[in-house]
Amino acid sequence: MANIEELKDFATQVRRDILRQVHKVNSGHPGGSLGCTEFFTALYKEIMDHNPEFNMDGENEDIFFLSNGHISPVFYSVLARTGYFPVEELSTFRLINSRLQGHPTTHEGLPGIRVASGSLGQGMSVALGAAQAKKLNGDSKLVYTLHGDGELQEGQNWEAIMYAAGNNVDNIISTIDLNGQQIDGSTETVLPLGNLRAKFEAFGWEVMEVEEGNDLQKVIDGLKHAKTLTGKGKPVVILLHTIMGHGVDFMMHTHAWHGKAPNDEQLETALSQNPETLGDY
Amino acid sequence: MKKYTDTGKKDTRSGFGDGLTELGRSNPNVVALCADLIGSLKMQDFIDENPERFFQVGIAEANMIGMSAGLTIGGKIPFAGTFANFATGRVYDQIRQSVAYSNKNVKICASHSGVTLGEDGATHQILEDIGLMKMLPGMTVINTCDYNQTKAATIAIAEHEGPVYLRFGRPKVANFTAEDQKFEIGKAVQLYEGTDVTIIATGHLVWEAIQAAVQLNDEGISAEVINIHTIKPLDEKAIIDSVKKTGCVVTCEEHNYLGGLGESVARTLSLSHPAPQEFVATQDTFGESGTPEQLMEKYGLNADAIIKAAKKVVKRK
């Protein structure tokens, strides 16, 4: 295992990348990206056995699907900084002729992306297909997914959730980013999700919670524990409690920064709270 | 005049089912999915022979399309089957993002298309699906005319890398194309040579076009008949070459005139060889309950309607 301090430095640099990407084009989604920085860091630096020499089929490696594609800034930063494409390419985020589209896509051939996402609610179905393909191929590696909590309002998720348990798809670990926020406000005011643990359990999933989803060590421990629950006949879900905008004080605990970029001054403040570690692109 | 013989009425969906069964034996990467319509899609033989390669998703078409996209990651060739309505309109965004935009090698196999599914009525009779699917960048759109052609097409699309929409139907119709035909995606099939009018038909309307051409010939009008099984990519050369000779065209499809084969032909001709055209298609309407024959008659989708359109378009030259 990598030194936890090194991993935290990695996460801090990812936060800088997120903020600088969205600031440059004055668009994109910093809030959810910042909130999921520890998750991505843990997954790509510590948990998954993956190959940056990208191969679409991903045979004999762990693969990941981002269902809530709008948090592309964190995904791009982590992919770049784990070797999938040059870090300098982060400067092309959302620009014309870029491989780093507003929402992730395979269309421009960006290494690390296996399906387009952005229109919400589709990622788990795709992941289930990939998980079933792994079983057919005798490939014992795992499939990971990430979903927003608001995203669970999309009905397709519940088709997939029902399918996964009903068909014992036990080589998948889905994570729900429980930050309680969505564009129009809190999930509680927009459309309450109710008791998600009870819902997943009722569908037949193995449910775990990570209460401090922005504590890197706890996220790593949670994902490691989740791995031990796979292969036992049930799909596994992690309810990951995060804080939207984590790491930038004025972006935390609000939906205001879901899809809004900081101005010059705000960027400076935000970056000062996340000092450069691995070097800016 | 060449005679096309109906070797015995068969449903196109059985062509799909039998094609899928052959693929199950010949191509280990072919997998199949269905949303609670195994019997209707004739998938049982494939399932019996390859239970581990079949995925019953239940009444959950969105999940079926997403899973199909995912199964390609790992090298599988998914054939996802359900009714045309539920295979397109219901899941348009899933197809658009997870399949077409993501360029996944998914075969969307749609039975019960058009009005000829009959008694179930308009909720199940989609007449807009060709339009929906042909507008998706990269999507191949195929509408087969009989059992033999559907079976051949099913087998052929497994070899084609990229998303495909394969459209077929429920009723038993004339089976008249060659059993051993080679199905070439995007290649029109000329059924009759003629000089006065070109009749371009797809799906169940191809047999009607043949009947129409025979009768037109008796009345002194020489009709060239082209079977366009692939609506996208369209065999533009075959269309232009024919219309250059005949000077007018009738397009025939079990689909709304908006967005269908007819509009694709009109675009092709308007760009290089404008010519009078008549559309044998539904006229921006929903279907209704009835027998397939009654519905084809009422909605102007049979040989009589084609003959009328041909005579009209010849006068417009």
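Observations on the model:
- Members of the range A:168-184 that are out of contact with any strand residue (DSSP E or B) (no Cβ under 7 Å at 6 or more places or on another chain) and assigned to a loop (DSSP other than H, G, I, E, B): A:Asn168, A:Val169, A:Asp170, A:Asn179, A:Ile183, A:Asp184
- Strands (runs of 3 or more DSSP E) wholly inside the range B:131-246 that include at least 2 residues being more than 27 Å from B:Leu41 (Cβ to Cβ) and either without any contact (Cβ under 8 Å) to a residue 60 or more places away in the chain or among the aromatic types (Phe, Trp, Tyr) (or both): B:189-192, B:223-227
- B:Asn27 more than 9 Å from chain A (Cβ to nearest Cβ) and within 23 Å of A:Asn168 (Cβ to Cβ): no
- Within the range A:122-152, the set of residues being within 18 Å of B:Ala62 (Cα to Cα), free of Cβ contacts under 8 Å to residues at least 12 places away in the same chain and not small (Gly, Ala, Ser) is empty.
- Total residues in the range B:30-72, condition away from chain A (no Cβ under 11 Å) and charged (D, E, K, R): 5
- Count - residues of the range A:161-184 that are closer than 24 Å to A:Ile47 by Cβ and surrounded by fewer than 19 Cβ atoms within 10 Å (Cβ to Cβ): 1
- In the range A:81-98, the residues that are in contact with a Phe, Trp or Tyr (Cβ under 9 Å, 6 or more places away or on another chain) and not hydroxyl-bearing (Ser, Thr, Tyr): A:Arg81, A:Phe85, A:Pro86, A:Val87, A:Glu88, A:Glu89, A:Leu90, A:Phe93
- One residue stands out among those in the range A:108-131 that are in contact with a helix residue (DSSP H, G or I) (Cβ under 6 Å, 6 or more places away or on another chain) and not hydrophobic (A, V, I, L, M, F, W, C): the one that is farthest from the other protein chains (Cβ to nearest Cβ), which is A:Gly112.
- Residue identified as in contact with a strand residue (DSSP E or B) (Cβ under 6 Å, 6 or more places away or on another chain) and buried (at least 19 other Cβ atoms within 10 Å of the Cβ) among A:Gly247, A:Gly213: A:Gly213
- Of all residues making up the range A:185-202, the number that are surrounded by fewer than 19 Cβ atoms within 10 Å (Cβ to Cβ) and outside any loop (DSSP other than H, G, I, E, B): 11
- Condition met for A:Pro52 (outside any helix (DSSP H, G or I), more than 13 Å from chain B (Cβ to nearest Cβ), touching a residue at least 24 places away in the same chain (Cβ under 8 Å) and within 27 Å of A:Asp139 (Cβ to Cβ)): yes
- Scan of the range B:73-87 for residues that are within 12 Å of another protein chain (Cβ to nearest Cβ), under 20 Å from the mean Cα position of the chain (by Cα) and among the small types (Gly, Ala, Ser), ordered by number: B:Ala80
- Screening the range B:91-109 for residues that are away from every other protein chain (no Cβ under 11 Å) and within 21 Å of B:His124 (Cβ to Cβ) and picking the one that is surrounded by the most Cβ atoms within 10 Å (Cβ to Cβ) gives B:Cys109.
- Flag if A:Glu61 is of a type in the set (D, E, K, R), free of Cβ contacts under 8 Å to residues at least 12 places away in the same chain and within 14 Å of chain B (Cβ to nearest Cβ): no
- Subset of the range A:104-154 [part of a loop (DSSP other than H, G, I, E, B), crowded, with 22+ Cβ neighbours inside 10 Å and in contact with a His (Cβ under 8 Å, 6 or more places away or on another chain)]: A:Ala116, A:Ser117
- Close contacts from the range A:153-181, counting a first residue that is touching a residue at least 12 places away in the same chain (Cβ under 8 Å) and away from chain B (no Cβ under 14 Å) and a second that is of a type in the set (Gly, Ala, Ser) and in a helix (DSSP H, G or I), with Cβ to Cβ under 6 Å and a gap of 6+ residues or different chains, come to A:Ile173/A:Ala226; A:Asn179/A:Gly35.
Any read-out appearing in this document is the output of simple, stated calculations on the displayed coordinates, not a laboratory observation. Just so you know, these numbers come straight off a predicted model, no measurement behind them. Cβ coordinates were reconstructed from backbone atoms using ideal geometry, including for glycine residues, and neighbour counts include every protein chain displayed.
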